[in-house]
Amino acid sequence: MSSPLFFYFVGFVLLGLVAACGYLYWQLRLLENRRDKLTALYLDQQQQQISTLQRDFARLLARLEQQKQNEPAVLSPYNQAIEMIKQGIPASEVATQCGISRSEAELIISLYRNNSTS
């Protein structure tokens, strides 16, 4: 087994293994480079989508603010009742126009009177 042919064979196998390792290392570097390029492309696309969403959100927010300014404020029945009471309208009329009970209107009157004197 110590013949020179055996050493040539072992050397040839080792050389083949070194070549295979070199080739695999080269392929690994190519794949890593490809992965890095795809990751960068993906991140660029994500950033573009985020920017588009931020721009759309800002546009919708501005439109909402404009609509709020253009539309009159809708008062709840109780806020409307308080406004009517401030104008001196009697409890029975406040109850009828606001869709609340007369006792609720009277309660609001008593609360409002208590607030205005303090």
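Derivation of every value follows stated rules applied to the coordinates shown; laboratory data play no part. Small disclaimer: the values here were computed from a predicted structure and weren't measured. Please note: Cβ atoms are built from the backbone with ideal geometry, for glycine as well, and neighbour counts cover all protein chains shown.
Of note:
- Other residues within the sphere of radius under 14 Å centred on the Cβ of residue 50, judged by their own Cβ, net out at -1 (K and R +1, D and E -1).
- Between 89, 99, 10, the Cα set farthest toward the positive side of the dipole of the chain (charges on each charged residue's Cβ, about the Cα centre) is that of 10.
- Ranked by the mean number of other Cβ atoms within 10 Å of their residues, highest first, the peptides 79-88, 46-55 fall in the order 79-88, 46-55.
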